[in-house]
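First comes the structure, then the notes that go with it.
We did not get these values from a lab; they are worked out from the coordinates using the rules stated. Quick caveat, the model's predicted, so the values are computed rather than measured. Positions of Cβ are generated from backbone atoms using ideal geometry, with glycine treated the same way; all protein chains shown enter the neighbour counts.
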Amino acid sequence: MMRWFANLTVRRRLVSIPDYLNGTTPDTKGFITKRCIISKRLEGKIAIVTGANTGIGFHTAGELARRGAIVIMACRNRNRAEAAKAKLLSMYGHSNVNWIKMDVADPCVVESLKPIHAYQLIVEHLDLASLESVRQFAVKVAQMYPKIDFLINNAGLASDIYSTTRDGFEQTIGVNHLGHFLLTELLLPTLRAAAPSRIIIVSSVAHYCGRLYRPDLQMTAENYKEISAYSSSKLANAMHAVELSHRLEGTNVAVVFLHPGAVKTEILKDFKSVPVRVFHTVFRPLFVKAWVGAQTTLYTALADNLTSGGYYSNCTLKTPNKLVNNETERQWLWEKSYELVGLTSNYPTNIPRLF
């Protein structure tokens with residue numbers, strides 16, 4: 001764990017732990033303090049947020065709905081998602097006379113916030129650890145909404161125990177990258193139809209420490225290390241975003257990836273690793289609330305002058321890991337991902353195509 005921090009360098013300069021916690025590299029100092037202060041309404045817009053039942057995804061869904069969007073809460077556990085929907089309605093719905101005070105929204109954006117209606121939050125089952133579930137979700141959503149304005153790939157996991165997805169992938173790369181990769185590819189027609197539209201991938205500053213594991217992106221049970229697995233999945237997220245942005249040039253579909261900051265979420269709660277638990281205990285007081293962590297996601301959804309293929313942190317464009325700009329590595333990742341999720345020319349005949 002500490003070796004991982006020691007290796008967290010950008011342009012050969014050490015990034016301190018406090019800087020790491022807030023996505024800070026040598027050209028961006030300071031703890032996360034920025035809020036999304038863009039005043040904009042989203043009536044008529046459709047957004048998909050994966051992992052919307054908790055943490056950053058929960059607040060992302062809420063903030064988009066408060067601005068008028070219809071939000072599809074794509075979650076693995078339907079009961080938890082329904083509970084999250086009920087909580088958002090209790091916080092920001094018409095029945096709560098104090099809904100405007102539920103967060104620390106800047107005065108300049110209050111005018112764009114309105115109470116949430118129940119019809120704006122749509123719960124749908126999506127298990128990113130199952131490619132079949134991803135396909136079923138994409139088919140259903142595309143039938144319901146032929147045009148999708150925002151796809152926010154927010155869900156993610158980290159685990160100190162090696163395990164595999166239903167399709168046999170190491171679960172960290174399987175859920176964080178491959179599940180989202182397939183979802184994005186299957187929903188591209190709906191995003192093109194809604195252009196100008198956006199694909200927002202929640203990565204992490206941990207992508208600076210990632211690497212691509214050959215031959216198939218995955219760590220084995222023998223060499224599995226939780227931090228390495230997570231960092232590599234976040235690098236894959238970043239490279240996916242940049243490569244996709246190039247492939248979508250001229251379509252008016254923007255793609256970005258971001259670091260939300262060190263956020264008080266549930267992603268580390270089940271870790272048994274002593275170094276990770278010590279790190280979490282010592283530095284958790286420095287972590288920001290999930291609502292703050294959602295601000296960069298919200299910014300990339302609302303900002304007019306967005307750089308497609310860009311890396312955002314603290315509501316600001318940043319410089320990513322240099323591997324992200326390696327075209328050869330990006331193309332290898334793309335082709336390998338395409339193969340692993342079953343989207344090669346030898347597409348399995350027992351899996352229905354969407355379009």
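Key figures
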{"item": "Sorted by Cβ neighbour density within 10 Å, fewest at the top, the residues Met219, Met239", "result": "Met219, Met239"}
{"item": "15 Å beta-carbon shell around Asp304, net charge (K/R +1, D/E -1)", "result": "+4"}
{"item": "Using θ = phi - 60° and Karplus 6.51 cos²θ - 1.76 cosθ + 1.60, couplings along the range 328-343 (whole Hz; Gly, Pro as x)", "result": "4, 5, 5, 5, 4, 4, 4, 5, 5, 5, 4, 5, 5, 8, x, 10"}
{"item": "Charge tally in the Cβ shell below 9 Å around Lys114, where Lys, Arg are +1 and Asp, Glu are -1, Lys114 excluded", "result": "+3"}
{"item": "Chymotrypsin sites (Phe, Trp or Tyr not before Pro) restricted to DSSP loop in the range 119-166 with at most 11 other C-beta within 10 Å", "result": "none"}
{"item": "Under 11 Å, Cβ to Cβ, from Ala193 - net charge with Lys/Arg +1 and Asp/Glu -1", "result": "+1"}
{"item": "Relative exposure of Glu124, Glu226, Glu327, judged by other C-beta atoms within 10 Å (fewest first)", "result": "Glu327, Glu124, Glu226"}
{"item": "Rounded to whole Hz, the Karplus (6.51, -1.76, 1.60) HN-Hα couplings of the range 291-307, x for glycine and proline", "result": "4, 5, x, 7, 5, 6, 4, 4, 4, 5, 7, 9, 5, 6, 9, 9, 8"}
{"item": "In Hz, Karplus ³J(HN,Hα) per residue of the range 169-186 (6.51, -1.76, 1.60; θ = phi - 60°; x = Gly, Pro)", "result": "7, 4, 5, 5, 6, x, 7, 5, 10, 5, x, 5, 4, 5, 4, 5, 4, 5"}
